[in-house]
Ligand code: KG4
Ligand code: ZN
């Protein structure tokens, strides 16, 4: 079996997979409690927390499945992109285990993990597919042609999609992560009344932009006297306890309208991409892929355009180690890893996929 470790951001994650890709277990220890009050991740706190959480989680997983170090055939680890301190903890740990076990260490690009994550729940998915990776740090529209064969069609030129959710939530006084809170409140708004501007509308590009939208939402929040500055951030549960009044409905309207425009942005980009490629399989992956509104928009689009739409189960959308193990296995099975060089492996805040440039001419 293969052991996979993921610590690129705020989640310590460990998974065990059989060599055929079957996930034996995938466990996550979330640091949300530690960071939520700050409205975002505090990198220094994240790396320190990994240092204590990761060994405990690992021991728990190995014990629960009666796994010994000698049972491992390989160790997979996210080496990039992410918070460098957090990555260093995972890489150091994985390096030590692979050294002691005498098995290869397979470094994985976190974004490739997200890109291949739909396979975890949909073994019927086949290449090529058009996928949007939408997470807290990245928004990449990619054609996956085969393992390791990726073409970037568009990416964000400023904020990431998840970042937009987090920032809007924070302006309204909600804790990190913003996506799940926004999703729940948006579900309470049946008739959103605001049409926020769709960034890059009418431009012949498959890129994304969210910073102008964020400003438009901010202005609306200020206009409605809903802006929260440096107050203690609250959870969705606290919001539920608010009295049913004009303010609560006004906030629901802003959130519902924001959710609506995010769905419009994503579906319009896919529609635009269909002009460049007639690929039949489409997918969304990464933390934002957990969003029901966006998935519903894409489901409807897929039916209309006769595409097959794939998305990972919620636990495989957000950061997890199963996707890292699955990705590593593809390389392991091809014999594509350097057994002798693994001691030199370093962490990196940027990755090859994260830095890909759009190569095709936009039409
Ligand atoms: O992939 P991920 O777990 O970590 C990164 O690689 O960044 O994504 C985290 C991001 C956060 O910005 C979070 O607010 C967003 O995914 N997210 C969501 C939802 N669940 C998580 N965004 C929208 N709707 C959700 N249900
Ligand atoms: Zn991620």
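Every number here is computed from the coordinates shown, using simple stated rules; none is lab data. All values reported here derive from a predicted model rather than from experimental measurement. Note: ideal-geometry Cβ built from the backbone for every residue, glycine included; neighbour counts use all protein chains shown.
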Selection within region 1-26 - farther than 30 Å from residue 173 by Cβ and either within 16 Å of ligand 2 (Cβ to nearest atom) or without any contact (Cβ under 8 Å) to a residue 60 or more places away in the chain (or both): 4, 5, 6, 14, 15, 18, 20, 22, 24, 25, 26
Some residue of region 23-34 being crowded, with 18+ Cβ neighbours inside 10 Å, touching a helix residue (DSSP H, G or I) at 6+ places or on another chain (Cβ under 8 Å) and over 17 Å from residue 324 (Cα atoms): yes
Region 159-183 residues that are touching a residue at least 40 places away in the same chain (Cβ under 8 Å) and at positive phi, paired with ones that are more than 10 Å from ligand 1 (Cβ to nearest atom) and outside any loop (DSSP other than H, G, I, E, B) (beta carbon under 6 Å, 6 or more apart): 173/234
Enumerated helices (runs of 4 or more DSSP H) restricted to region 268-343, each holding at least 2 residues that are within 16 Å of ligand 2 (Cβ to nearest atom): 314-317, 322-333
Search result, residues across region 13-38 that are within 13 Å of ligand 1 (Cβ to nearest atom) and touching a strand residue (DSSP E or B) at 6+ places or on another chain (Cβ under 8 Å): 13, 28, 30, 31
Those helices (runs of 4 or more DSSP H) lying entirely in region 83-185 with at least 1 residues in contact with a helix residue (DSSP H, G or I) (Cβ under 8 Å, 6 or more places away or on another chain), closer than 28 Å to residue 50 by Cβ and away from ligand 2 (no atom under 14 Å from the Cβ): 84-101, 118-121, 161-171
Pick from region 264-300, criterion within 12 Å of ligand 1 (Cβ to nearest atom) and within 21 Å of residue 358 (Cβ to Cβ), ranking: nearest to the chain's Cα centre (by Cα): 286
Candidate set: region 266-286, residues that are in contact with a strand residue (DSSP E or B) (Cβ under 7 Å, 6 or more places away or on another chain) and under 18 Å from residue 162 (Cα atoms); chosen: the one surrounded by the most Cβ atoms within 10 Å (Cβ to Cβ): 286
